[in-house]
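Q: Below: one structure in structure tokens.
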Amino acid sequence: MSDRVVIGHGSGGRLSHNLIKDLIGPKIRMAEFLDSAVLDLEGATIAFTTDSYV
């Protein structure tokens, strides 16, 4: 994992996968790597997903 996020991390490929798996996933305790997340927040359960291109 690089010390910096680069444009390649937004490609949807291997760098994106590694960024989510190695950096983001452990912080939000992702058990599975699907295209959405179900989160329990302050007594409410929400589904979160994003699909964007900048």
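Q: Hey, of (i) 76; (ii) 65; (iii) 71, which did the structure itself give for percent of Cα pairs over 12 Å apart when calculated?
A: Matching entry in (i) 76; (ii) 65; (iii) 71: (iii).
Q: Okay, moving on. From the phi angles alone, apply the Karplus equation (6.51, -1.76, 1.60; θ = phi - 60°) to segment 17-28 and give each ³J(HN,Hα) in whole Hz, x where the residue is Gly or Pro.
A: In residue order, the calculated couplings are 4, 5, 4, 5, 5, 8, 10, 7, x, x, 6, 10 Hz.
Q: So what is the relative contact order for segment 7-48, in percent, with contacts set as C-alpha pairs under 8 Å and at least six apart?
A: Normalised by residue count, the contact order of segment 7-48 is 20 percent.
Q: I've got another one for you. Just rank Ile20, Ile46, fewest to most, by other beta-carbon atoms within 10 angstrom.
A: Ranking Ile20, Ile46 by Cβ neighbours within 10 Å, fewest first, gives Ile46, Ile20.
Q: Based solely on its DSSP helices, what 222 nm [θ] is calculated for the chain when runs of n ≥ 4 H residues each add -39,500 (n - 2.57) and the sum is averaged over all residues, nearest 500 deg cm²/dmol?
A: Taken over the chain, the calculation gives -2500 deg cm²/dmol.
Every read-out reported here was derived from the displayed coordinates using simple, explicitly stated rules and does not represent laboratory data. Just so it is clear, the model here is predicted, and its values are computed rather than measured. Quick reminder, even Gly has a Cβ in these numbers, built from the backbone with ideal geometry, and neighbours come from all protein chains shown.
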